[in-house]
Amino acid sequence: MDALNLLREFSQKEAKKLSEKKLIASSFITSYSKSIEYIGQILVPCLQLAKLTNGMDESAVNLMSLTLYEKIQMFNRETSNKYVDLTKGINRNIRNADAHLSLRYVPNKDSLELKVWKGGKITLVLIPINKWILEIYPIPGWIIQAYIYSGCLLCLGMINKQLFAEKYDQIFSDSK
């Protein structure tokens with residue numbers, strides 16, 4: 001069961017168990033982690049397009065071997081930081097803490113706790129659960145949706161150019 005369904009069920013219960021809170025937090029962390037990994041895969045064709053735009057050709061195999069951090073740095077560099085708003089949504093500290101299994105839910109503080117290495121020392125950072133759910137957790141999903149929708153728009157452009165032009169104008173006229 002996904003994290004949001006667990007949260008909906010949990011919010012309807014009167015007696016809330018600690019084990020259920022931990023299960024929900026764990027589900028959100030797992031979902032976030034999988035989303036970040038997917039973004040790492042999405043960055044490969046994005047990097048290829050950015051490199052092609054700059055007159056270079058790069059194989060997907062070479063790009064897939066890069067770490068997420070390296071992909072983000074290269075993508076920002078290749079696009080002259082035009083799309084940095086997309087990549088800054090990936091919190092490196094949370095990603096590293098998750099990868100090193102040092103991200104956990106602390107029920108008595110109603111926060112996620114992560115260990116961050118700075119200057120050779122470990123610092124504990126707390127993220128209130130409300131901030132996690134409202135500000136941090138949704139960002140990878142938005143990035144993934146944008147990628148999928150852009151692919152759909154591209155397919156529409158190949159199938160029906162007039163409808164593509166209408167939808168393109170509709171999307172960008174609403175954002176002004």
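Details
- Yes/no for LEU18 being touching a Ser or Thr at 6+ places or on another chain (Cβ under 9 Å) and either closer than 30 Å to PRO107 by Cβ or open to solvent by 50 Å² or more (accessible area, probe 1.4 Å) (or both): no
- Residue count for the range 161-176, restricted to those that are aliphatic (A, V, I, L, M) and open to solvent by less than 70 Å² (accessible area, probe 1.4 Å): 2
- Unmet requirement for LEU66, which otherwise passes all of (1) in a helix (DSSP H, G or I); (2) buried (at least 16 other Cβ atoms within 10 Å of the Cβ); (3) not charged (D, E, K, R): (1)
- Residue tally, condition surrounded by fewer than 16 Cβ atoms within 10 Å (Cβ to Cβ) and either part of a strand (DSSP E or B) or touching a His at 6+ places or on another chain (Cβ under 7 Å) (or both), over the range 69-103: 0
- Each residue in the range 104-160 was checked for being among the hydroxyl-bearing types (Ser, Thr, Tyr), without any contact (Cβ under 8 Å) to a residue 60 or more places away in the chain and either open to solvent by less than 90 Å² (accessible area, probe 1.4 Å) or touching an Asp or Glu at 6+ places or on another chain (Cβ under 8 Å) (or both), and 3 of them qualify.
The values are calculated or read from the model by the stated rules, or taken from the named source; none is laboratory data. Please read all numbers here as calculations on a predicted model, not as lab measurements. For neighbour counting, all protein chains shown are included, and Cβ atoms are generated from backbone atoms with ideal geometry for every residue, glycine included. Quick note on the areas: whole protein, heavy atoms, side chains included, nothing else; ligands and nucleic acids left out. Shrake-Rupley method; radii C 1.70, N 1.55, O 1.52, S 1.80 Å.
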